[in-house]
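Have a look at the structure below before the remarks.
The values are calculated or read from the model by the stated rules, or taken from the named source; none is laboratory data. This structure is a prediction, so every number in the text was calculated from the model and none was measured. Heads up, the Cβs are rebuilt from the backbone with ideal geometry, glycines too, and the neighbour counts pull from every protein chain shown.
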Amino acid sequence: MLVDGIQALLDAAETPPPVSKLQSKFLRDAAVQVSVVRFDQVDSALSGNKLYKLIPWCQRAVSEGYDTLVSFGGWHSNHLHALAAAGHRLGLKTVGYVRGYSHQPESPTIRDLKTLGMELVFVSRGDYRLRHTPEYLSDVSRSWPSALIIPEGGAGPKGVEGGRLMAGHVSRLIQSDVIQAPDIVMMPVGTATTFAGFVDRDPARGGSYVGVAAVDDVETMMSRVQMVLNAASLAGDSAADQRYARQWHINRDYICGGFGKMSPSLAAFITRFESVYGVPLDPVYNAKAFYGLEQQISDGSIPAGTHVLMVHTGGLQGRRGMQDRIEKLTSASA
């Protein structure tokens with residue numbers, strides 16, 4: 001079952017993602033072309049980039065004989081949702097350390113995690129902040145001695161491998177002329193794991209890479225990307241100098257109050273964007289990236305004649321618990 005399950009995940013990850021080409025008066029007037037690689041449509045349960053980031057971790061678990069996968073996430077966590085689905089398909093036990101309390105009203109995500117068989121450990125916000133510390137991870141390891149502990153969001157070198165897998169799809173889409181080579185590749189970033197994989201793989205070949213931060217700690221995200229690029233140099237990669245020369249940055253201007261926060265203007269943007277383009281957005285990650293795109297086109301930071309490739313990283317399952325907030329905030333902004 002494990003081997004067949006891994007192959008099924010690989011087969012899903014090898015499915016070419018659809019591409020949406022956005023059309024509107026706003027974009028025509030700005031003379032900016034926007035293509036969207038729809039990783040949100042590849043697998044409904046292992047949403048978007050989570051599928052690709054988890055595959056290398058699951059391969060390690062199977063090859064090294066772990067029977068349990070443990071990780072961390074919040075009340076609407078796309079990562080835990082994908083992990084629970086992967087474990088269910090592979091026949092591996094999954095454990096999720098969830099920031100929150102068992103007496104809280106269940107989100108659709110929490111209900112799914114239980115249905116998929118994930119064992120949930122609810123922890124306070126204070127304890128959750130310790131999840132990266134050696135002492136905390138040692139306690140988790142003692143509680144689950146046969147488990148592979150996966151960092152929140154599937155981060156780390158294994159997760160970067162998943163980002164490279166996604167970038168490989170974009171390279172093939174460009175090579176097959178499904179989309180033209182972009183001037184800018186833009187995507188939301190949380191841990192910057194997927195973004196690092198893209199910058200390292202460089203599917204744009206001369207274009208620049210822009211990450212739109214969904215969290216406040218941009219310095220940590222930038223250091224993670226630089227570590228990936230540094231590793232190529234230390235490994236004696238002959239293309240390392242080219243990696244250093246690549247244009248990339250992480251923009252902190254569209255956090256909209258912080259991680260998981262949603263301003264009335266962002267909620268109104270989600271409603272309007274979906275009405276115009278028919279592309280669904282989650283408010284935590286992708287909505288902020290597309291909001292940043294629109295703002296930069298409006299202020300001229302992205303000039304006429306530019307082709308922007310947006311990477312839709314999924315996360316739509318988490319939106320289910322936020323729809324009422326989107327509607328209320330949209331009404332408040334009217």
Within segment 20-53, can you find the residues that are surrounded by fewer than 16 Cβ atoms within 10 Å (Cβ to Cβ) and closer than 27 Å to Thr191 by Cβ? Ser44
Check Leu69 against each of (1) of a type outside the set (Lys, Arg); (2) closer than 23 Å to Val215 by Cα; (3) surrounded by 24 or more Cβ atoms within 10 Å (Cβ to Cβ) and name the one condition it does not meet. (2)
Let me confirm something: among Gly314, Gly318, which residue is assigned by TED's automatic domain parsing to the domain that holds Met187, in contact (Cβ under 8 Å) with a residue 24 or more places away in the chain, more than 26 Å from Asp29 (Cα to Cα) and in contact with a His (Cβ under 8 Å, 6 or more places away or on another chain)? Gly318
May I ask you to verify whether Gln33 is at pLDDT 95 or above, of a type outside the set (Asp, Glu) and in contact with a His (Cβ under 7 Å, 6 or more places away or on another chain)? yes
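In segment 158-189, which residues are touching a residue at least 60 places away in the same chain (Cβ under 8 Å) and assigned to a helix (DSSP H, G or I)?
Kept after step one, since they are touching a residue at least 60 places away in the same chain (Cβ under 8 Å), are these residues of segment 158-189: 158-163, 165-166, 169-170, 172-173, 178-189.
Residues satisfying the conditions are Lys158, Gly159, Val160, Glu161, Gly162, Gly163, Leu165, Met166, His169, Val170, Arg172, Leu173.
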